[in-house]
1. Which of the following residues is part of a loop (DSSP other than H, G, I, E, B), open to solvent by 80 Å² or more (accessible area, probe 1.4 Å), closer than 17 Å to residue 237 by Cβ and at pLDDT below 50: 37, 6?
2. Name, by its number, the condition in (1) assigned to a loop (DSSP other than H, G, I, E, B); (2) closer than 18 Å to residue 84 by Cβ; (3) among the small types (Gly, Ala, Ser) that does not hold for residue 226.
3. For region 227-249: of the residues being open to solvent by 70 Å² or more (accessible area, probe 1.4 Å) and over 22 Å from residue 144 (Cα atoms), which is nearest to the chain's Cα centre (by Cα)?
4. How many of the residues in region 146-176 are closer than 18 Å to residue 245 by Cα, touching a residue at least 40 places away in the same chain (Cβ under 8 Å) and part of a loop (DSSP other than H, G, I, E, B)?
Amino acid sequence: MKKTKYFFPKMGIGILLTMFTSCLAINAKKIVDAPYYPPEEAFADAGEQEKNFKVYYSGSKSPVIDGEFNEWDGLDGIRVRRMVYGGMFNPENTDGLFKVRADDSYLYVFADIIDDQPQENKFPAPQGWRDDSIEFFFGTDTSYHTFYKSTDHRVRIVPQSKTNKSAYDVSLNDVSMNGSIKAAIVYSEHGYKIEAAVPFSLLSIKKLKPKQKVRGDFQINDADDGKERSRLIHWNSSKDNTYVDASSWGDGIVVDLAEAENE
């Protein structure tokens, strides 16, 4: 008896294979575009992220912007160690401690940056992120919002000389402000220190008061080998979005300097 050939099973297998291949194509993993955002495990050795940064207020004491940093001794600061891109966090390559003060007219920022290859930055401040520099984000509107409000600002300070502590450039929201914001920078073999005074008039702020809640973030731009930026590090945000999204900033609190010194 002649056996009958059945084609349906083969056709069914072909259809199944086609459907399976199509599913694979639809659900294929997307290519991750640069910059690379490291997984959360990359932050494991960066230390616990502080819940708040402090702004030390005093109506009678103000730091002098002269490259002598003793007025910042004894104040709590925050560590900027959240790698946005540039590999795993390594304190020998890049690390930073930031502190903030205020009086009735100025917001003061101090940064102690560890850098295994500190460079002089020749870019103007609006493009200064491309080489060694720091950025400070600050706002007094604590409501949830993404787009910058009138009191949200980004200050970039660009160190320009290893021999002249008064050689720097500075911008506010990417607008050059050299002459309006005073700063002093001192280089060392393994990094540099910066202190700066930002007038409240530029920040749309009238005054800060103890126990007032604020918002902000801190950023280190690090370039090596005479090239452009190779590492980007934040205090709070894990993405390169702080310059367009104020909701990515962290929380801060204004504290009375005299009370803090007496604790």
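The values are calculated or read from the model by the stated rules, or taken from the named source; none is laboratory data. Remember, predicted model here, so these are calculated numbers, not experimental data. So basically every Cβ, Gly included, is an ideal-geometry build from the backbone, and we count neighbours across all protein chains shown. Each accessible area value is taken on the protein alone, full model and side chains, heavy atoms only, with ligands, DNA and RNA left out. Shrake-Rupley method; radii C 1.70, N 1.55, O 1.52, S 1.80 Å.
1. That would be 37, the only listed residue that is part of a loop (DSSP other than H, G, I, E, B), open to solvent by 80 Å² or more (accessible area, probe 1.4 Å), closer than 17 Å to residue 237 by Cβ and at pLDDT below 50.
2. If we test residue 226 against (1) assigned to a loop (DSSP other than H, G, I, E, B); (2) closer than 18 Å to residue 84 by Cβ; (3) among the small types (Gly, Ala, Ser), just (2) comes out false.
3. Applying the first criterion (open to solvent by 70 Å² or more (accessible area, probe 1.4 Å)) to region 227-249 yields 227-228, 239, 243-244.
From the residues that got through so far, the ones that are over 22 Å from residue 144 (Cα atoms) too are 227-228.
Details: 227: 20, 228: 17 Å.
Among residues in region 227-249 that are open to solvent by 70 Å² or more (accessible area, probe 1.4 Å) and over 22 Å from residue 144 (Cα atoms), the one nearest to the chain's Cα centre (by Cα) is 228.
4. Going through region 146-176 one residue at a time, the tally reaches 8.
Every residue, every condition in (1) open to solvent by 50 Å² or more (accessible area, probe 1.4 Å); (2) at pLDDT 95 or above; (3) closer than 27 Å to residue 190 by Cα, yes or no:
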position	(1), (2), (3)
24	yes, no, no
27	yes, no, no
48	yes, no, yes
87	no, no, yes
93	no, no, yes
105	yes, yes, no
108	no, yes, yes
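Per-residue answers, yes or no, for (1) in contact with a Pro (Cβ under 7 Å, 6 or more places away or on another chain); (2) more than 17 Å from residue 52 (Cα to Cα); (3) at pLDDT 95 or above:
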position	(1), (2), (3)
226	no, yes, no
234	no, no, yes
243	no, yes, yes
249	no, no, yes
252	no, no, yes
